[in-house]
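The values are calculated or read from the model by the stated rules, or taken from the named source; none is laboratory data. Owing to the predicted nature of the structure, the values given are computational and were not obtained by experimental measurement. Heads up, the Cβs are rebuilt from the backbone with ideal geometry, glycines too, and the neighbour counts pull from every protein chain shown.
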Amino acid sequence: MNLTFAWLVLVPAFAMSQEAQPEGEKKLEWNGNLDVKYSLFHMSQSSPNYRLQFYNKDVSPYLTQYRLEPYLNAEYKTQDLGFQLRTHATYYGDRESSFDLFEAFGSYNPSFHLAIQAGKRVYSWGKGYAFNPAGFVNPAKDPENPELAQAGLLSANAEYIKSFSSDALQSFSALLVVIPGNPTINNRFGESKYTDVAVKLSFLLWDTDIDLMTYQGSLTPKEYGLDFSRNLQDNLEVHAELSVAQKAHRFVIANGMLQSEQSDVVSYLLGIRYLNEWNTTVIAEYYRNGFGLSKEEYPAYRDFLLNGLAVGTPAAIQQILTTNQTYFKSSTLMQDYLYVKISQPEPFDWLYFTPSLFSIYNLNDKSFLLSVSLNYKPATNVEFIFWPSLLVGGGATEFGDRQAQQKVELWMRIFF
Amino acid sequence: MNSILKIGILVVAATAGLVAQDATALLKDVDDNLMPGSYEAYRRIINEEPNGSKKEYLFFTVKKGRDKIALLYLAPSSEKGRATLRLGENMWLYIPNLNKSIRVTSLQSIIGGVFNNADIMQLEYSVEYSATITGETEKEILLDLKAKNKTVAYDKLKMWVTRERKVVRKVEAYSASGMLIKTLDFRDDKDFGGGLVRPSIIETTSPLYKGYRSLIVYQSIKRRTFPDEVFTLNYLGRLGDLR
């Protein structure tokens, strides 16, 4: 959707709704934020990813990006009916902008036990903070910023909740999600045989959150998962996820060609959240990505990119870019990762200031990303973030081959 | 001689038991006079800084029984829609952008500033603390409260309770090492209806944050019952439906 058109529609609607609401009976509520982000990149001009993306472009190794990201949300709720809208736009300049409909769904809650929703909805399955191997219906997560809002899924769902007066099973819920086939025919029609179904059963059992989930896809493999989360002590939480994708295709490069191997693919995650006496929070997660490339497979993938560059024709470059975007676009390209985040809210009694440090460490090739985030909220509805990152790894390593080797981001966020 | 000693010990033990029982009953009365067993409430939290600037939060809170409480952020916009659920010692945080509930430790701070969870997600004093009476004046009774477990933010409290109406007037919170962490003054009694007359403002100061002041202002408290399903992880995203 055209960004300008969207805002022409939404902003007057916003203004009218504010005027129309009598005080005390306000049911339609609007809010949002404007993120202004300035980024400075030190590009790695020898990396194959950089050379593909900026092929035949003579540019400085120091690039900047200045972008605006307005979010506008609306919510209407009564006891049994609801409507929710979440929108997002990205504006780089008059010649480059985009609009995303993150969520737009209606809900009907006939009782406290039952809720029915239809539209575009974000789901967040799984207990992991940075990775969710059992997040079958989740948007792709960016482990560098796991709390960033993302676009939901066109779907309909029904959820049933039941509580129990028991020391063992305290609550149970069942969520059924139906996902219609993609509108691939004339961009409007899907085929009924491509309707997918996902189910999640949740239990609070002996003070432990447990989920069992499955995704029954028509074009994608059948997936099964489970997760749990529990406080071992008053300051220590543990969580885990496991997923199995049956007869799934795993893509690798062999003999200079894209090839797929079909097998049951297992991925899992183990994690902790720990709070110490100084109020420092540590999140640590180990992630096994069953779809990822092994240490031995990565050099073949890298050679594939370099070979395309060596051919050097526009068609070859485009083909490599397309293959890369389609099959190797994951932010976790390889198999074993360690994620650690340490945050210290309000150190030295400096109120509303939270520094944190996180690292994504690739256990297969020993490359890593190291980031420091300094977050300051000096006043209500204002937030500043200073966020330098360093990617460390030699040639032929995942983080060493990223387009940028250092980056610094500066955000200002205004909420309304 | 031995018999006299035994009788003496028994009398002292029985008296101590009675005093403990009195203190426990008094603490229960204090809880009953602060909040109904199940309720909904609107609370504003105001953090005031030495330079005069303020940060305000508005919460919608629902509570049932002695161990279920849920809280929804209504303001400011940057926090709107976030919610917290506490079931006994289990606690979760709901992030609306992600439609995700995260299990957090019960000691985790959910807003910055002088407040912590214990101030805004507190169940009942008598659930979290055991009490002893340590002093009395003509108008007030002084209680010493000791945390029953480590999930409570403050290890010890000193509580001043009015003798006549059994309403709390002041609380001092101490760390395990005996350091004063903060002082809470309960003031400005207000009739919230349904026979509930209680302090409407709780003012917090802390020697750790000199010049800072925090106020919890109760705007409304209404008796209301809820089904248990409201206090489940999956209902957190729907808390606003109850308003």
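Structure data summary
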item: Tabulated pairs, the range B:45-71, first of a type in the set (Asp, Glu), second assigned to a loop (DSSP other than H, G, I, E, B), C-beta under 7 angstrom, 6+ apart or interchain; result: B:Glu48/B:Tyr212; B:Glu49/B:Tyr212; B:Glu56/A:Thr380; B:Glu56/B:Pro76; B:Asp67/B:Gly88; B:Asp67/B:Leu123
item: Qualifying positions in the range B:45-65 - more than 27 Å from B:Ala131 (Cα to Cα) and under 15 Å from the mean Cα position of the chain (by Cα); result: B:Ile45, B:Phe59
item: Residues (of a type in the set (Val, Ile, Thr) and either closer than 28 Å to A:Val199 by Cα or free of Cβ contacts under 8 Å to residues at least 40 places away in the same chain (or both)) located in the range A:224-259; result: A:Val238, A:Val244
item: All positions within the range A:250-299 that are within 26 Å of the chain's Cα centre (by Cα), more than 14 Å from chain B (Cβ to nearest Cβ) and outside any strand (DSSP E or B); result: A:Asn289, A:Gly290, A:Phe291, A:Gly292, A:Ser294, A:Lys295, A:Glu297, A:Tyr298
item: Residue within the range B:185-202 that is without any contact (Cβ under 8 Å) to a residue 24 or more places away in the chain and within 14 Å of chain A (Cβ to nearest Cβ) present; result: no
item: Matching residues in the range B:59-71 - criterion: being surrounded by 17 or more Cβ atoms within 10 Å (Cβ to Cβ) and within 11 Å of chain A (Cβ to nearest Cβ); result: B:Lys64, B:Lys68
item: Residue within the range A:191-205 that is closer than 23 Å to A:Gln117 by Cα, among the charged types (D, E, K, R), under 25 Å from the mean Cα position of the chain (by Cα) and within 14 Å of chain B (Cβ to nearest Cβ) present; result: yes
item: Test: residue in the range A:47-67 that is among the acidic types (Asp, Glu), in a loop (DSSP other than H, G, I, E, B) and surrounded by fewer than 19 Cβ atoms within 10 Å (Cβ to Cβ); result: yes
item: Only listed residue being within 14 Å of chain B (Cβ to nearest Cβ), surrounded by 19 or more Cβ atoms within 10 Å (Cβ to Cβ), in a loop (DSSP other than H, G, I, E, B) and of a type in the set (Gly, Ala, Ser), chosen from A:Ala151, A:Ala140, A:Ala130, A:Ala115; result: A:Ala130
item: Single residue of the range B:73-90 satisfying the filter (part of a strand (DSSP E or B) and under 14 Å from A:Asp209 (Cα atoms)) that is modelled with the highest pLDDT; result: B:Leu85
item: Residue within the range A:176-194 that is more than 28 Å from A:Gln319 (Cα to Cα), without any contact (Cβ under 8 Å) to a residue 40 or more places away in the chain and touching a Phe, Trp or Tyr at 6+ places or on another chain (Cβ under 6 Å) present; result: no
item: Options A:Glu237, A:Glu241: the member that is assigned to a strand (DSSP E or B), within 30 Å of A:Asn279 (Cα to Cα) and away from chain B (no Cβ under 12 Å); result: A:Glu241
item: Conditions (1) surrounded by fewer than 17 Cβ atoms within 10 Å (Cβ to Cβ); (2) touching an Asp or Glu at 6+ places or on another chain (Cβ under 7 Å); (3) of a type in the set (Ser, Thr, Tyr); (4) under 23 Å from A:Glu346 (Cβ atoms): number failed by B:Tyr212; result: (1)
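Residue-wise test of (1) farther than 19 Å from A:Ser44 by Cα; (2) within 14 Å of chain B (Cβ to nearest Cβ).
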site	(1), (2)
A:Leu351	yes, yes
A:Asn364	yes, no
A:Leu370	no, no
A:Glu383	yes, yes
A:Phe386	yes, no
A:Ser389	no, no
